[in-house]
């Protein structure tokens, strides 16, 4: 069933639903995301067209978001996905549909200079990233989970 359950509602800063999307972000995200030229509300369609539940919808949406972000990077556009938003407020602002889950909010834009950022964002941007090592998430047996 290739129904592609991802849905993107996007808005440019100062146009369309930009302020609506911005309004559901947690304050820490809204502080910097308000500078992004494009915000996207990302949704997953929960059901197939035959009415059965799509148990893989969020996975498929994640893959679609990764594809969008990778294409953006190839064009010099960077993105940041955020799970820090008020889900209940989002239901009110975007409409409370039983057919869709809101998965994330994405900000897209061109990178700026880290020195132009205020704290704590400047430190976050310039501090080296620390990632989990593969042995913490990749295993050779089910017993290791």
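Bear in mind these aren't lab numbers, they're just calculated from the coordinates by the rules spelled out. Note that this is a predicted model, so its numbers are computed, not measured. Neighbour counts are summed over all protein chains in view; Cβ atoms, including those assigned to glycine, are modelled from backbone coordinates with ideal geometry.
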Practice problem: Taking all pairs of distinct Cα atoms, average 1/r, flip it, and tell me the Kirkwood hydrodynamic radius of segment 39-108 in Å to one decimal place. | Solution: 13.1
Self-check item: Euclidean distance between Cα centres, segment 84-145 to segment 1-34, Å
Solution: 13
Quiz item: According to the Kirkwood expression over distinct Cα-Cα pairs, how big is the hydrodynamic radius of segment 79-145, in Å?
Solution: 16.2
Quiz prompt | For the chain, alpha-carbon Rg and Dmax in angstrom | solution = 17.4, 52
Quiz item: Of the beta bridges DSSP finds with both residues in the chain, what % are antiparallel, to the nearest 5?
Solution: 100
Quiz item: Which stretch or stretches of segment 88-105 have amide N atoms under 18 Å from the point lying 7 Å from residue 10's Cα along the Cα→Cβ direction?
Solution: 103-105
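Rank the residues 115, 20 as a footprinting-exposure proxy: fewest other Cβ atoms within 10 Å of their Cβ go first. Don't jump to the answer; show the numbers that get you there.
Numbers: 115 8, 20 15.
If I rank by nearby Cβ atoms, fewest first, I get 115, 20.
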Exercise. Quick one: compute the contact order of the chain, relative version, from alpha carbon pairs under 8 angstrom and 6+ residues apart, as a percent.
Key: 26
Exercise. Once every Cα of segment 1-51 carries one equal point scatterer and solvent is ignored, give the base-10 log of I(q)/I(0) from the Debye formula at q = 0.15, 0.24, 0.25, 0.27 Å⁻¹, two decimals.
Key: -0.50, -0.84, -0.88, -0.97
